[in-house]
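What follows is a short report on a single structure.
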Amino acid sequence: MSNKTFIITGSSSGIGKACVEYYLAQGHHVIGISRSNTLEHPKFSFVSCDLSDPYQLEQIDFREKLGSDSAIVLINNAGTIGEIKHFPNLSALHYRELANINILAPQVLITMLFQQIVPSRIETIVNISSGAAKRPIPSWAAYCASKAAIDLYSETLKIEFMELGLSTKIYSVAPGVVDTQMQVVIRSTSPEDFTEVTNFKRMKEEGELRSPKEVAVLLDALLQEPEQGEVVCRL
Ligand SMILES: NC(=O)c1ccc[n+]([C@@H]2O[C@H](COP(=O)([O-])OP(=O)(O)OC[C@H]3O[C@@H](n4cnc5c(N)ncnc54)[C@H](OP(=O)(O)O)[C@@H]3O)[C@@H](O)[C@H]2O)c1
């Protein structure tokens, strides 16, 4: 496989970090975007950005970081489950921050990348979605809505790319239930705030969670296949 540049948000933890490590091990360049970072590697560059802040987001300049010829894969992975509570206990700030990270940031990053480089270089765009896009989970309403939004956004985006004559592969991918910090947060919620918490604890106890590394391998297998016509899919 020829060398590519992967842009991966949420590079500091969980699925994003596993993808960064996977693609660095394959010899690719990786640009990581998140608020924190511990990774150092000659082919890794880090962009510090709080994706809940639209001003910080709009300051990102991909031209400084990207060479002039490699194909580019953008993986919009950063996400938050937000506060796991029934809706009367949530604030406007909570809704805004969650929407900024899970919905706004992927859309803005795709648009900025398109505007800043030769668009035909964008080989693949992946938005990390969730099974929660298709299933209502009480106390996760804003999260479910954000992932459903990114699914339909991705499907619409694919049509727009085709209208522009571009063959960029576009996916909105549900990774399964994955053993990351997000699941630690989910399992630590009280049953009063989250009626399904017992189910998530059981899945962990019974070893049903995927490892982040397994997700990186499955995602890469998907990206290597020819497009099957489905934008919204699961690993
Ligand atoms: N784990 C699961 O079971 C599961 C299931 C379905 C879908 N997903 C999706 O998978 C994706 C990755 O989640 P994960 O499970 O790997 O979670 P995680 O371990 O909690 O990692 C989340 C990543 O997002 C970044 N992030 C969060 N808020 C950010 C902000 N304001 N600005 C910039 N970066 C931010 C974090 O970096 P910093 O804290 O350094 O900023 C971190 O690198 C998410 O989109 C999630 O919705 C996960």
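Each reported figure results from applying straightforward, stated rules to the coordinates on display, with no laboratory input. Computed from a predicted model, the values in this text were never measured in an experiment. FYI the Cβ positions are ideal-geometry reconstructions off the backbone, even for glycines, and counts take in every protein chain you see.
For this structure, a couple of remarks:
- Test: residue in region 59-75 that is near the ligand (Cβ under 8 Å from one of its atoms), part of a helix (DSSP H, G or I) and hydrophobic (A, V, I, L, M, F, W, C): no
- Screening Leu24 on (1) near the ligand (Cβ under 10 Å from one of its atoms); (2) aliphatic (A, V, I, L, M); (3) within 21 Å of Ile125 (Cβ to Cβ) shows it passes everything except condition (1).
- Taken over region 36-55, the criterion of being under 19 Å from Leu93 (Cα atoms) and near the ligand (Cβ under 9 Å from one of its atoms) is satisfied by Cys49, Asp50, Leu51, Ser52, Asp53.
- Residues within region 166-200 that are surrounded by fewer than 17 Cβ atoms within 10 Å (Cβ to Cβ) and farther than 18 Å from Lys85 by Cβ, tallied: 4
- Taken together, the criteria place Ile84 among residues that are more than 25 Å from Val217 (Cβ to Cβ), in a loop (DSSP other than H, G, I, E, B) and in contact with a Phe, Trp or Tyr (Cβ under 6 Å, 6 or more places away or on another chain).
- For region 27-40, a residue qualifies if it is without any contact (Cβ under 8 Å) to a residue 40 or more places away in the chain and either closer than 26 Å to Val184 by Cα or surrounded by fewer than 14 Cβ atoms within 10 Å (Cβ to Cβ) (or both), and the qualifying residues are Gly27, Gly32, Arg35, Ser36, Asn37, Thr38, Leu39, Glu40.
- Count of region 138-169 residues which are within 13 Å of the ligand (Cβ to nearest atom), of a type outside the set (Phe, Trp, Tyr) and outside any helix (DSSP H, G or I): 0
- Counting only residues that are away from the ligand (no atom under 11 Å from the Cβ), assigned to a helix (DSSP H, G or I) and of a type in the set (Asp, Glu), region 90-137 holds 0 of them.
- Any hit, region 138-145, residues being surrounded by fewer than 17 Cβ atoms within 10 Å (Cβ to Cβ), farther than 22 Å from Lys17 by Cβ and not small (Gly, Ala, Ser): yes
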